[in-house]
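Read the structure below first, then the notes.
The values are calculated or read from the model by the stated rules, or taken from the named source; none is laboratory data. Quick caveat: nothing in here was measured; it's all calculated off a predicted structure. When we count neighbours, we look across all protein chains shown, and the Cβ atoms used for this are built from the backbone with ideal geometry, even at glycine.
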Amino acid sequence: MEKIKSKYMKNSNAKPSQKFTYEFTVLEENLDQNGHVNNVVYVKWMQDVAIRHSNTCGGTKAMQKAGAIWVVRSHKIDYLQPAFAGDQIIATTWVKSFKRVQSRRFYEFTRKQDGITLAKGKTDWVFVDAKTGRPKRIPQTVIDCFYREL
């Protein structure tokens with residue numbers, strides 16, 4: 001298997017990508033029968049903040065230019081504290097590593113009012129050719145977007 005030669009690869013000593021933050025308010029519709037944010041809502045928030053990060057840094061345009069899409073391989077979430085309607089949430093995300101066709105992105109959700117970390121997660125994303133649906137090597141032009149100052 002060919003390895004991408006990049007200063008941002010997993011096995012290098014490179015730092016993670018620039019962190020991106022997005023603030024929002026928990027809505028009543030995000031709650032479950034227990035009165036706190038439903039587990040599945042965090043998965044949606046992970047996707048939403050990842051897309052916002054990619055749009056902001058130019059990653060989405062670079063991906064489209066490469067004729068590709070990102071698809072999720074796996075999610076992992078650690079739920080640490082509950083969130084409730086009206087809570088102000090700070091969602092933070094960053095890309096930790098890139099491999100040949102895959103990236104690993106991390107997330108942290110913090111309640112703004114008290115600074116408590118509510119959940120932490122990670123997603124393994126696979127870069128896929130939009131026409132064939134097969135994994136595709138991540139171009140350096142896409143990788144570089146995530147290391148630009150925001």
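Data for the structure
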{"item": "Conditions (1) closer than 17 Å to residue 113 by Cβ; (2) part of a helix (DSSP H, G or I); (3) not polar (S, T, N, Q): number failed by residue 90", "result": "(2)"}
{"item": "Test: residue in the range 59-67 that is part of a strand (DSSP E or B) and not acidic (Asp, Glu)", "result": "no"}
{"item": "Identity of the residue in the range 25-48, out of contact with any Gly (no Cβ under 7 Å at 6 or more places or on another chain) and assigned to a strand (DSSP E or B), that ends up surrounded by the fewest Cβ atoms within 10 Å (Cβ to Cβ)", "result": "31"}
{"item": "Residue count for the range 119-140, restricted to those that are outside any loop (DSSP other than H, G, I, E, B), within 20 Å of residue 52 (Cβ to Cβ) and over 14 Å from the mean Cα position of the chain (by Cα)", "result": "0"}
{"item": "Hey, residue 91 within 28 Å of residue 144 (Cα to Cα), modelled with pLDDT of 95 or more and in contact with a Pro (Cβ under 6 Å, 6 or more places away or on another chain) or not", "result": "no"}
{"item": "Checklist (1) out of contact with any helix residue (DSSP H, G or I) (no Cβ under 6 Å at 6 or more places or on another chain); (2) modelled with pLDDT of 95 or more; (3) not acidic (Asp, Glu) applied to residue 58, failing item", "result": "(1)"}
{"item": "Residue tally, condition in contact with a helix residue (DSSP H, G or I) (Cβ under 6 Å, 6 or more places away or on another chain) and buried (at least 21 other Cβ atoms within 10 Å of the Cβ), over the range 124-144", "result": "1"}
{"item": "Residue count, the range 104-123 (criterion: surrounded by 16 or more Cβ atoms within 10 Å (Cβ to Cβ), in contact with a Leu (Cβ under 9 Å, 6 or more places away or on another chain) and hydrophobic (A, V, I, L, M, F, W, C))", "result": "3"}
{"item": "Verdict on residue 117 being touching a helix residue (DSSP H, G or I) at 6+ places or on another chain (Cβ under 8 Å), in contact (Cβ under 8 Å) with a residue 24 or more places away in the chain and of a type outside the set (A, V, I, L, M)", "result": "no"}
